[in-house]
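The values are calculated or read from the model by the stated rules, or taken from the named source; none is laboratory data. Values in this document were obtained by computation on a predicted structure and should not be read as measured data. Reconstructed Cβ throughout: ideal geometry from the backbone, glycine too, with neighbour counts over all protein chains shown.
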Amino acid sequence: MSENLNPFTIAQQQLDEATAVLRLNPDMHAFLREPMREFHFSIPVKMDDGHTKTFRGFRVQYNDARGPAKGGIRFHPHETIDTVRALAAWMTWKTAVVNVPLGGGKGGVICNPRDLSPGELERLSRGYMRAIARYVGLTQDVPAPDVNTNPQIMAWMLDEYETITGHREPGVITGKPLELGGSAGRGPATAMGGIFTIREMAKHLGINLQGATCAIQGFGNVGSFATKLATEILGMKVIAVSDEFGGIINQHGLDYQAVSQHLKRTGKVEGTPNTEPLANEDLLTLKVDVLIPAAIENQITASNADKIQTRFIAELANGPTTPAADNILYDRGIPVIPDFLCNAGGVTVSYFEMVQNSYQFYWEENMINERLDALMSKAFHDVIHMAGDKKVDNRVGAYLVAVNRVAEAVRLRGWV
Ligand code: NAD
């Protein structure tokens with residue numbers, strides 16, 4: 001039988017497994033299995049050639065028991081409501097596992113930003129905010145960038161929101177440019193948080209990371225910073241990276257600057273001087289000390305999990321491993337730093353951004369990184385202890401920590 005790769009079905013399956021271990025009250029389980037609210041809307045955009053194109057947009061507020069919903073907005077041609085639901089669920093567990101006072105949400109638009117002119121992209125971004133403006137805010141739901149959205153898009157959305165409401169409220173959106181109240185360290189934050197968990201996992205497993213090899217799938221915001229920071233902070237040798245067009249390898253280690261410059265010039269990592277081409281699927285099965293999926297969902301599945309040859313996996317992407325693959329990896333003794341723990345650095349620094357916006361007082365990058373390290377390291381050890389205590393894999397361990405916290409907030413509010 002082929003695997004069900006619907007991300008929301010997978011998110012629900014993962015929750016079901018954790019709630020069985022927790023022996024969670026069935027009413028609570030039923031409540032946590034579905035989003036609390038979701039918005040589906042049309043965004044009409046005046047295109048440069050004079051016609052109006054209508055895009056579909058979504059915003060899901062999965063759970064806000066622990067604080068305002070929090071989560072990014074993706075612009076993607078294959079966006080679906082179920083992807084947004086799954087990502088909103090994972091945001092709920094993510095904010096809980098790092099114990100910041102936020103809930104989980106996510107948004108998306110079905111579009112290919114590469115087909116849009118800068119003017120069309122701005123009108124689409126403003127249109128998205130017009131559609132959700134009355135449902136978001138510092139105390140309700142705080143969006144951020146995700147796949148194919150960036151600080152400029154956040155700036156347009158902030159401006160649209162403030163134009164509608166008539167007051168300045170920078171904390172309504174995070175991942176903003178520094179000039180509009182963005183936080184130092186937000187760009188690399190997701191990768192930086194992942195680097196701290198990789199360091200802790202290596203200590204836990206007794207692996208020396210100096211010169212250890214690493215392969216990274218994806219060379220976007222997260223994958224490119226992960227390449228840089230794994231080399232600069234952990235002293236690792238990143239031997240392979242890839243993007244949607246294919247991968248590259250150099251057994252002696254890749255030069256981050258050379259790959260970035262080549263990507264900037266050509267739009268692809270393939271062809272970077274002093275590298276050999278590598279198929280994307282082959283990157284995942286390379287013999288390396290650390291494997292980092294940092295691209296999209298469903299990359300490690302029942303069909304390749306038995307071929308993975310790494311000492312551990314650090315999931316910087318959301319949902320890169322299917323439940324069937326999780327079981328195979330667990331049986332083979334390959335530990336995973338699960339996505340909503342490993343990639344929680346972005347939302348943690350987004351939370352710092354909201355705090356700084358509230359006080360209008362801004363911290364230096366080294367203070368951001370120190371605070372991020374403290375929260376990520378604590379979350380990592382909470383998860384490892386829970387997984388060890390309950391004799392479950394780290395993903396279930398992370399669910400146990402997070403679901404306990406969310407369920408307790410729901411119970412205290414008297415909702416269930
Ligand atoms: P991005 O759009 O900047 O980069 C995505 C990268 O993946 C690109 O290099 C793209 O070419 C590559 N890619 C796409 N399809 C691929 C395929 N089939 N095979 C190999 N590579 C492919 O996105 P990002 O912000 O770097 O996000 C990457 C992942 O990290 C996503 O799963 C995202 O949800 C997750 N994430 C991002 C953040 C953040 O702060 N940006 C936070 C948490 C989680």
- Query: If we scan the stretch 393-408, do we find a residue that is crowded, with 23+ Cβ neighbours inside 10 Å and among the basic types (Lys, Arg)?
  - Reply: yes
Flagged in the stretch 30-62 as more than 24 Å from the chain's Cα centre (by Cα) and not in a strand (DSSP E or B), in numbering order, are Ala30, Met47, Asp48, Asp49, Gly50, His51
Q.
On the basis of being touching a residue at least 12 places away in the same chain (Cβ under 8 Å), part of a loop (DSSP other than H, G, I, E, B) and touching a strand residue (DSSP E or B) at 6+ places or on another chain (Cβ under 8 Å), does Ala325 make the cut?
A. no
Inside the stretch 147-186, the number of residues satisfying the requirement of being within 16 Å of Tyr351 (Cβ to Cβ) and within 16 Å of the ligand (Cβ to nearest atom) is 10
On the given criteria, is Gly333 farther than 22 Å from Met91 by Cβ and either outside any helix (DSSP H, G or I) or within 12 Å of the ligand (Cβ to nearest atom) (or both)?
yes
Checked against (1) of a type outside the set (S, T, N, Q); (2) touching a Lys or Arg at 6+ places or on another chain (Cβ under 7 Å); (3) assigned to a helix (DSSP H, G or I), Gly72 satisfies every condition except (3)
Filtering the stretch 288-303 down to residues that are farther than 24 Å from Ala189 by Cβ and in a loop (DSSP other than H, G, I, E, B) yields Asn298, Thr301, Ala302, Ser303
Answer yes or no as to whether His78 is farther than 18 Å from Val136 by Cα, in the same structural domain as Leu124 (by TED's automatic domain parsing) and not in a strand (DSSP E or B).
-> yes
Looking across the stretch 268-284 at residues that are more than 24 Å from Ala305 (Cβ to Cβ) and charged (D, E, K, R), the single one that is farthest from the ligand (Cβ to nearest atom) is Glu276
Listed by first then second residue, the pairs whose first member lies in the stretch 1-23 and is in the same structural domain as Asn298 (by TED's automatic domain parsing), whose partner is in a helix (DSSP H, G or I) and buried (at least 20 other Cβ atoms within 10 Å of the Cβ), with beta carbons under 9 Å and at least 6 positions apart or on separate chains, are none
Restrict the check to the stretch 328-340 and report whether at least one residue is of a type in the set (Asp, Glu) and in contact with a helix residue (DSSP H, G or I) (Cβ under 9 Å, 6 or more places away or on another chain).
yes
Counting only strands (runs of 3 or more DSSP E) entirely within the stretch 208-251, those with at least 3 residues that are in the same structural domain as Ile296 (by TED's automatic domain parsing) and more than 12 Å from the ligand (Cβ to nearest atom) are 237-243
